[in-house]
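Asks: My questions all concern the structure below.
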Amino acid sequence: MFPRRGGSAAIPYAECAGAAAVLAVGGLLVAGTLGLPAPVFEPIGAAAFPRWVGIGLIVLALAIAAGAFLRSAGGEADAAPAAGLRRRTDLAVLTVVITALYGFALDLTAIGFRTATVAFTFVLIVALAGPRLKVVVPAAFFALVFGIALHYVFTRFFYLDLPG
Amino acid sequence: MENLLTAFANLMAPAPFAFMLIGVTVGIAVGAIPGLSGAMVIALTLPLTFYMDSTDALVLLVAMYVGSTSGGLISATLMRMPGTPAALMTVLDGFPMAQRGEPGRALGFGIMASFAGGLVSWLFLAALSPPLAEIAVRFGPYEIFSITLVAVMLISAVSQGSMVKGIAAGLLGAGVSMVGVDDASGTVRLTFGVADLDAGFQLLPVLLGVLVLSQVLKDVVDIDRPVERVPAGWRDMFMKLADLRAQWVNIVRSSLIGTWIGILPGIGGTTGSIASYSVARTFSPRSEEFGTGCEDGIVAAESANNAAVNGALVPLITMGIPGSVVDVILLGALIIHNLTPGPLLFTNSPEAAYGIIASALIANFMMLAIMLLATPWIARLMYVDKAWLIAPIIVFCLIGAYSESNRMFDVWVMFAFALVGLAMMRISMPTGPFIIGYILAPIAEVQLRSGLMIYDGSFMPLVTRPVSAAFLAVAVLTALWPIAARLSRKRRTEGMAGGH
């Protein structure tokens, strides 16, 4: 999915970062259990299981890092991306930003679910499909129908509370 | 037998028949939509049944249960998004098969397997309910702990990529599940002072984030990838005789596994489909093809998860013990309608008990007909430009995450876990074990601590109790199997090289 610069002796940055993240989570689990009270009516208490999981993660993180370095030292090549396929990481970042703005609109403003959803749906479709007339007009219509219908169905039929 | 035949006759009346049809249809539709689950729709429908006849209410809810479990197959196959947690394993082979241009065939295998799984498990539900439930109830906490350990090891073994990363993913999921209030002691742990985390990371935000939104973002990255148009005609939907001959052992075995695990209290269809998928991979001559669009994987997963539906009904109606999350809601329905769950149900309210059994079979046939009729149209969703699907999917996910506790915090949690899922994909760490670890770790912890309390802090019964020891042995063998297989392959390769 994500092509990496491979080759012999290349530092496996992604794997190291992943291993570091796993190590951090393991450390957090162990640290988080240090202040828990000792068990009273049972042998092991609330701290034991998270602590064992944390220790297991620390060990596995080291194993992942070691494995990554051994593989890169052995010169294992990474899979090449499909020929001619353009990765749209820019669009993924844009999607994240637009979605985050949608979340902020629901969480921090009084804009309402319907308005926010109509706007979000329209903006994201246009952003992903391209700002062409044959996209903009149908997207506007679809977003309007989708936002209003969804609000109606979930509040009047499923009786779910919606954010915003 | 007489009671059962009477129940079938009663369900052929217009009202209960219509309720079952509505239940299956709504269940399939909801089960197919990522962000909505069978448990949600059944819980939302429960208040609507207050003024209904008790048997009508129960058959409606059971039909929804059957429909939603099968409906998860559709989005799992077409969108790599399990509509329900039980369709998690279907994603592994259903989606790749659909991607290579065989969505109808993938769905057809899944539908027929679902029907077959429901049929096989129904035989147990109808004929062997009392003795099966009695055996399962005798399992102690160590047995259930061992089973959950086996499930985590199995999913780590079957996921693509290294087993070390698979186990790490499982432990990560387990760690995430432990945030919040400890059920056993009431201690708040691992929240680091964040009040919103007292309730922990809820299931839907984690599931939707790691499994759905991360895939949505990946789809955006690959949005320019062309999708080959393959018609999903009627012919593709039916299993050929040759396919049936090739799969009948898998179907029966997976259905039996799903039924058995469904009977085990609290575990549910997800574990059943995981276990049967892993067993199918072990015994299949095409084990290397698992995860790349192998029919055996789809059949194993769908047979088991539908079999688990009826399996989970066994302890519910015979012992009053819910076999899954959905069964907890069904238990509430029984109580609301003044029906006492447990062995007395068959004595005091046989029309309700046998009505549930009969409706499970009728709903299975309805599911088959509706899925076969509607799926070719639903399959066309695959060819809609993804740019038009991304926004609605995100909105559905947002609603799903928000609806669990009516908190925007859960929505932000979902977004965060979407990035976690994306990062996991980046380093080839499978997300399946993460979700399984998240779901099973609380069960494992509670059972282990219960067992330690019962046995005065001794771990020995884990290995001295035969059933527990057997499951532990399976877990250890599963962990060692990839190493043994690799050593064997290496020796064979060296032997061939030496021969040259």
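The values are calculated or read from the model by the stated rules, or taken from the named source; none is laboratory data. Computed from a prediction, not measured in an experiment: that's the story for all the values here. Positions of Cβ are backbone-derived with ideal geometry, glycine not excepted, and every protein chain shown enters the neighbour counts. Note: accessible area is taken over every heavy atom of the protein model, side chains too, but ligands, DNA and RNA are not part of it. Shrake-Rupley method; radii C 1.70, N 1.55, O 1.52, S 1.80 Å.
Asks: Could you name the lysines in cross-link range of residue B:386, using Cα to Cα under 29 Å and dropping any fewer than eight places away on the same chain?
Replies: By straight Cα distance, residue B:386 reaches A:134, B:218.
Asks: Which whole-angstrom value gives the distance between the alpha carbon centres of the range B:110-129 and the range A:118-164?
Replies: 40 Å
Asks: Sorted by accessible area with a 1.4 angstrom probe, largest first, how do A:42, B:494, B:102 fall?
Replies: Details: A:42 30, B:494 110, B:102 55 Å².
Descending order: B:494, B:102, A:42.
Asks: Which parts of the range B:279-305 would a label at residue B:123 reach, counting a residue when its backbone N lies under 16 Å from a point 7 Å out along Cα-to-Cβ?
Replies: So the set is B:303-304.
Asks: Go ahead and run the numbers for FRET between residue A:104 and residue B:406, Cβ-Cβ distance against an R0 of 22 Å, rounding to 0.05.
Replies: Result of the calculation: an efficiency of 0.75.
Asks: Give the separation of the Cα centroids, the range B:426-492 to the range B:78-94, in Å.
Replies: That distance is 24 Å.
Asks: If you don't mind, another one. Using a probe radius of 1.4 Å on heavy atoms only, what accessible surface per residue do you get for the range B:425-500? Whole Å² is fine.
Replies: Here the residues of the range B:425-500 average 57 Å² of exposed surface.
Asks: When only the heavy atoms of the protein chains count and the probe is 1.4 Å, how do A:62, B:204 rank by accessible area, highest first?
Replies: Most to least solvent-accessible, the answer reads A:62, B:204.
Asks: Ranked highest first by average number of other Cβ atoms within 10 Å, how do B:171-184, B:244-257 line up?
Replies: Highest to lowest by the protection proxy: B:171-184, B:244-257.
Asks: Taking the Cβ-Cβ separation of residue A:14 and residue B:53 as r and a Förster radius of 60 Å, what is the calculated FRET efficiency to the nearest 0.05? Before the final figure, lay out each step's value.
Replies: Numbers: r = 59 Å, r/R0 = 0.99.
Efficiency for this residue pair is about 0.50.
Asks: Find how many whole Å separate the alpha carbon centroid of the range B:193-227 from the alpha carbon centroid of the range A:84-106.
Replies: 13 Å
Asks: So if we plug the beta-carbon distance of residue A:115 and residue B:338 into 1/(1 + (r/R0)^6) with R0 = 45 Å, what FRET efficiency do we get, rounded to 0.05?
Replies: So the FRET efficiency works out to roughly 0.50.
Asks: A further question follows. Any idea of the total accessible area buried by the B-A contact, 1.4 Å probe, rounded to 100 Å²?
Replies: When B and A are taken together, about 5500 Å² of accessible area is lost.
Asks: Excluding ligands, DNA and RNA, what is the solvent-accessible area per residue of chain A at a probe of 1.4 Å, expressed in Å²?
Replies: Per-residue value: 55 Å².
Asks: I need to check one value: relative contact order of chain A, counting alpha carbon pairs closer than 8 Å and at least 6 residues apart, in percent. Don't skip to the answer; put the middle values down first.
Replies: Working: 145 pairs, mean separation 37.1, N = 164.
Once normalised by length, the contact order is 23 percent.
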